[in-house]
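Down below is the structure, laid out as structure tokens.
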Amino acid sequence: MSNYHVTIANQGGWSAKKAGAGKAAGIFKTQLKAEKAAKIFSANSGGGEVRIHGLDGKIRDSDTVSPGRDPNPPKDIKF
């Protein structure tokens, strides 16, 4: 399982970086492209979490990529 972070890149654009890695797995022109790539990278390594950071550096969203396990899965409510 591999977790990835999507953050603003130093040289412009957005980076998809594996958690704990020294270098980004890729640099992309848009945040959306970096997010899609991070999800593919995570899925190819067994799933995990993709955390999307805003311009301020704070995590603004997090997605679980299959076959990763969501620590807080949604619960169905039946009436």
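How many residues are among the aliphatic types (A, V, I, L, M) and surrounded by fewer than 16 Cβ atoms within 10 Å (Cβ to Cβ) if we restrict to region 26-39?
If we filter region 26-39 for residues that are among the aliphatic types (A, V, I, L, M), which is where we start, we get 27, 32, 34, 37-38.
From what's left, surrounded by fewer than 16 Cβ atoms within 10 Å (Cβ to Cβ): 32.
Number of matching residues: 1.
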Notebook entry, point to check: Which numbered condition trips up Ala24, out of (1) out of contact with any Lys or Arg (no Cβ under 8 Å at 6 or more places or on another chain); (2) part of a loop (DSSP other than H, G, I, E, B)?
Noted result: (1)
Item checked: Single unsatisfied condition, Asp63 versus (1) at pLDDT 95 or above; (2) in a strand (DSSP E or B); (3) not hydroxyl-bearing (Ser, Thr, Tyr) -> (1)
Note to self: Take the conditions modelled with pLDDT under 90 and among the basic types (Lys, Arg) and apply them to Lys39. Does it pass?
What the structure shows: no
Next item on the list: Scan region 36-50 and report the pairs whose first residue is closer than 10 Å to Asp63 by Cα and free of Cβ contacts under 8 Å to residues at least 12 places away in the same chain and whose second residue is in a strand (DSSP E or B) and of a type outside the set (Val, Ile, Thr), with Cβ atoms within less than 9 Å and a gap of 6+ or a chain change.
Entry: none
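Do we find that Ile40 is in a strand (DSSP E or B) and among the hydrophobic types (A, V, I, L, M, F, W, C) in this structure? Give the steps one after another, and end with the answer.
On the way: in a strand (DSSP E or B): no; among the hydrophobic types (A, V, I, L, M, F, W, C): yes.
Judged against the criteria, Ile40 is not a match.
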Check: Across region 2-39, what is the total count of residues that are in contact with a His (Cβ under 9 Å, 6 or more places away or on another chain) and β-branched (Val, Ile, Thr)?
Finding: 3
Margin query: Condition first: modelled with pLDDT of 95 or more, more than 9 Å from the chain's Cα centre (by Cα) and crowded, with 20+ Cβ neighbours inside 10 Å. Can you find one or more residues in region 9-25 that meet it?
Written below: yes
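The values are calculated or read from the model by the stated rules, or taken from the named source; none is laboratory data. This one's a predicted model, so the numbers in the text were calculated from it and none came from an experiment. Note that each Cβ is placed from the backbone with ideal geometry, even for glycine, and that neighbours are counted across all protein chains shown.
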